[in-house]
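What follows is a set of notes on a single structure, which appears directly below.
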Amino acid sequence: MNKIYLFFVLFLSVSFVVADAQTTLEGTVTDMDSGEPILFGTVALYRGDNLVTGTNTDFDGNYSFNNIDPGTYDLQVSSVGYQTQRQQGVVVLAGRANRLDMQLISGEFLEEIEVVDYVVPLIEQDNTTSGSTITGEQIRNLPLKDISALAATTAGLTRRDDSDDINIRGSRSDATDYYIDGMRVSGRLIPQSEIDQMQVLTGGIPASFGDVVGGVISLTTRGPSSRFAGGIEAETSQFLDPYGYNLISGNFSGPLVRNPRDTTQSLIGFRVSGQLRLQQEDRPSFTGVYQATPDAVRSMEENPVRYFGSTPISEVEFARFKGADGQGEIEFRDIRRNQGLRDIDVTARIDARLSDNVDISLTGTYNDRKNQFTPGGWSMFNYNRNPYQYTDVMRGTFRLRHRLGVQTRGIDPDSEQLRNQVIRNAVYTLQFGYQRRTSLLEDPIHRDNFWRYGYVGEFDIEWVRAVSPTDPVDSTGFEPFPGEFIAHTGYTRRLNLARGSDGEIIGDGYFADMDINPILNNYNKGILDFFNPSQVTDFWAYNGARASIFDNSYNLFANVGTVYNTYQKTEGERFTFDARMSFEFLPGGSTRGRHNIELGLYYEERVSRSWAISPTRLWEIGRARANNHIIDVNRDVIIDTFTIPELYGDFVFNEYENVIIEDARGQFYRSIRELNGVSLKEYINVDGLHPDDLSIEMFDPFELTDPNLMTFSGFAFNGDRLSSGVTFEDFWDEGPDGRRAYNVAPFRPNYFAFYIQDRFTYRDIIFRLGLRMDRYDANTKVMRDPLSLYDIFTADDFYNINDQLERPNAVGDDYKVYVDAPESTGVIGFRQGNQWYDRDGDPVNDANLIFGGGIINPALRPHASIKSSDFDVNSSFEDYKPQVNWMPRLAFSFPISEDANFFAHYDILVQRPTSNNFVSAMQYYYFEDAGRTPTGNPNLRPEKTIDYEVGFQQRLTNSSALKIAAYYKEIRDQIQTRTLLFVASPVGSYRTFDNIDFGTVKGFSFQYDLRRTNNLQMMASYTLQFADGTGSGPTSQQGISDRGANLRTLTPLTFDERHRFVVNLDYRYGSGNRYNGPRWFGTDVFENTGVNIQATAVSGRPYTRRFQPTRFGGDGFAGTINGAR
């Protein structure tokens, strides 16, 4: 197998895979009168009036442009003795062998050029893909703005109104890939105004596309123009609806350097565009929302607690809906408050033609999003503290394209070189891509001031000397009874809120800070009138927490003043290198036996980083860590004396020095004393410090990771970005002082692919044959055995060591051994993979027959704990085994006549895991801690789809056509949650993910295309689909699988739709000679004016009926999952 890989690498060493399939424009030029081919005619291709490339027709009048960008072009053909003809508006569709035949009129016409409007053919005879292509002009006419809505006009696509997720022919939404100018991307795409063409592939996916099991949405950006041009567009709904939609966009393009030989042509051109979108409500509810009025919220924030006697009740509990009299605190609204969205998009492109055969392109996009959103339960009372999410996406693509080998343009028509061409129009493309996406989630007020998140105020804590019976007896103490002594034994923590004889507070134990979290402080209003707090935690709100009775209302709505307790930042980078080589292979002439061959190779590496903290708990942890090194008093060291008159009269007690045990791992107790100049043997009051004087770097990493306060990978403990060179093993490294830095490596999977594809015609049947190889490497460590963190003795090793034991004959050498107790030799069972065997080696279907519900004790090899400095990483983990998949692609189109053709395809598609496929070293570190066993599974395999389709298309009239297709898909190895049972003690069981889901999709689609007739154009489609599977998403079996069971029954998928109708009607007047509307005062008043109507109707979406209704759901299945529609 390695030899095969080496052969292909050597074979393809000069060519690399590109994201788009081969895009060509070809045709035949003939004499209009005689029909004879025109030899050696000049064919020039223009885009935006800029010459892109040119060629000559061959001996059969054929021409071909290979490896060109999709978009709209002008094609000009000239020949001696014929009138030059220019076809304008030629739409070149992505990944297609676009065909345009032209007929020239013979005669002498001087310099007159015949201009002809291009008509997109109704029947694409050589198209072997399914889906649709939407041009920039069509996009501008549609009443849609986002990419997913535009794509959903294609037959076979599903999109819910409340989501941007696209499901293509019954596949999950993560099975859809997105491309911009040939670069695979994720996250925010580009503004609709900058799309020159959008291609949606739903079937017959060429071998040049990989890592996809659903479909492809490929966008081509608009390019530069030959003349300076620009435009500004503005839209608003400000006075039409309450949603506050506002958009302004602009663009400017033109030449940077003109061709000195032809100043009408640019050698270097540019295009820059920008867009600003503002929305007051980006996810409006169809039914509206209920929210407390701003006046009511302000009143609740000022006095959040109401007392009945000494019983406190949250003020929000008394909120009522507004009645007809206008009285009440809760009102109905169309939109939520503080739910704004701001998007800034910038797109830039530079195209440069370095020579007739070499061009380069540089494309960049940038998006900056600021999204204020409403967390669950916050919309009613706490919308004033809605958090923000900031997202930045930056992309850059550099492409070099070189046409080489034998080109037809400029070659002497009588030369032997042209007559004996075997390889023609060879082109290679090199492309480099980079994408960086960052996101930040935070409270808008406190941001990265983490100690402020839970801060309430300053609490004066004092440590009061305490006395108690001593053990052993201390003869220096007070003797209340003969032989019994009471002496100083430590200190008691107490809030300094002493009261005088009149009940007034005489101690200054609580200082409310009304600048940082004033609403939290308001919860403590009046508490001293009814209670006498002795500890910080006796207040309704204190540093780091609030009494649970005030957290929410009826377990539904967050209370006023709640601070968003999450700060999270992520960073994802994607590096790609891809290119392609394509050429025409002509063993038998240009019209007979011609092969369009494309081959390539692709490499991609991703780097994912994340850092998150729950800041309010810093106070809780700081309070617990500050003084826990003080464990006792040293009765040998007297530091002072004291009396307790109210209990022991004038007796003088000795005050002893504190005894400490320094924590080799802890850091906070040291840092906080260095900050305040306090001895390690003295107590310190964390609640008396200001949050701006504290930082998380005062902790050792383990002090915050042990209580699960924070998690990170690719970032250091303090949030600094780590280099990509940090490895999985580095997590266990210790410094010279014996401390660990807890450096967690980022997730760095890589992906490699190559393919070869050929398109040719054999006996009037057009074939597209391809073969693709994908190699995916998670590039991380995985557990050797998911049922045990530590290595288990095999039967062979176990019985060799314990040779006094008799091994059952049925037990294989590699069986894992289980015993009745740790370090015991009492064998009770065996396991091979997931198959269990009893003590005699007989297979059992349920391991409970072995363990009887008891503790799982494997016979473990000698090992160090994963938390030990002596832990051997390779004893528990191994490298992920790269997954290699071969994918044949076969498609053909059979023209029955000029007006009809039959098409079919067979594809095998593979996609690497898209989610739940990373577990960091830190997460494994806490594998044995209760509730912290990681759920991700880095050992996931790629998903697989086998796709079949047959179809037929027929021209009905000169302006309309019908296309019918039937498809079937088998989906395998999809990701689903599962619960692993019988895991080695102390874990017992844990939830993870595995490749256990599968499904089938069957469907029919009907598409009707009416080209513009009497100003009316219509596209209509109907899809009938049956999509069934064992799970609609990676977590759809959660709850069902908690006991280890995995659903093996096919049920309708949540995103299935039995019937979907999509109709687009466009009535529009043309311009110039095509205008047929009214003329007023000699003016075409409705030139380029039209109306577009988009309609979608869906029925048969599945849902699960319930026996017993509950809030936001129900209990008990009535029938099967998704069994009702």
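Some points to look at:
- Inclusion of I996 among residues that are among the hydrophobic types (A, V, I, L, M, F, W, C), part of a strand (DSSP E or B) and crowded, with 21+ Cβ neighbours inside 10 Å is not warranted.
- Filtering V43, V90, V77 for residues that are crowded, with 17+ Cβ neighbours inside 10 Å and within 28 Å of F209 (Cα to Cα) leaves a single hit, V90.
- Filter pass, I335 being among the β-branched types (V, I, T) and either part of a strand (DSSP E or B) or more than 28 Å from the chain's Cα centre (by Cα) (or both): no
- The criterion of at least 2 residues that are over 26 Å from M1019 (Cα atoms), at pLDDT below 85 and not charged (D, E, K, R) is met, among strands (runs of 3 or more DSSP E) falling completely within the stretch 61-176, by 113-117.
- Filter result for T1054 (in the same structural domain as G988 (by TED's automatic domain parsing), exposed (fewer than 13 other Cβ atoms within 10 Å of the Cβ) and not in a strand (DSSP E or B)): no
- Scanning the stretch 367-397 for residues that are small (G, A, S) and in contact with a Pro (Cβ under 6 Å, 6 or more places away or on another chain) turns up nothing.
- Count of the stretch 557-616 residues which are in a strand (DSSP E or B) and small (G, A, S): 9
- Flag if G1072 is out of contact with any helix residue (DSSP H, G or I) (no Cβ under 7 Å at 6 or more places or on another chain), assigned by TED's automatic domain parsing to the domain that holds G936 and in contact (Cβ under 8 Å) with a residue 24 or more places away in the chain: no
- Any hit, the stretch 581-603, residues being within 30 Å of L694 (Cα to Cα) and either modelled with pLDDT of 95 or more or among the acidic types (D, E) (or both): no
- In the stretch 309-356, residue farthest from N386 (Cα to Cα) [restricted to those that are in contact (Cβ under 8 Å) with a residue 40 or more places away in the chain and of a type in the set (K, R)]: R353
- For the stretch 640-685, a residue qualifies if it is polar (S, T, N, Q) and assigned to a strand (DSSP E or B), and the qualifying residues are T641, T643, N654, N658.
- Some residue of the stretch 728-742 being surrounded by fewer than 15 Cβ atoms within 10 Å (Cβ to Cβ) and under 29 Å from G454 (Cβ atoms): yes
- Per this entry, F728 is counted among residues that are within 23 Å of Y926 (Cα to Cα), in contact with a helix residue (DSSP H, G or I) (Cβ under 9 Å, 6 or more places away or on another chain) and either of a type in the set (A, V, I, L, M, F, W, C) or outside the structural domain of P913 (by TED's automatic domain parsing) (or both).
- Scanning the stretch 733-791 for residues that are part of a strand (DSSP E or B), among the acidic types (D, E), farther than 30 Å from F902 by Cβ and at pLDDT 90 or above yields a total of 2.
- Subset tally (residues that are closer than 28 Å to N634 by Cα and touching a residue at least 24 places away in the same chain (Cβ under 8 Å)) for the stretch 669-698: 12
- Within the stretch 142-161, residues that are in contact (Cβ under 8 Å) with a residue 40 or more places away in the chain have Cβ atoms under 6 Å from residues that are charged (D, E, K, R) in these pairs: A152/R159; G156/R169; T158/E1057, counting only partners at least 6 apart in sequence or on another chain.
- Residues in the stretch 258-267 that are part of a strand (DSSP E or B) and either free of Cβ contacts under 8 Å to residues at least 60 places away in the same chain or more than 18 Å from T363 (Cα to Cα) (or both): R258, N259, D262, T263, T264, Q265.
The values are calculated or read from the model by the stated rules, or taken from the named source; none is laboratory data. Just so we're clear, the structure is a prediction, and the values are computed from it rather than from any experiment. For neighbour counting, all protein chains shown are included, and Cβ atoms are generated from backbone atoms with ideal geometry for every residue, glycine included.
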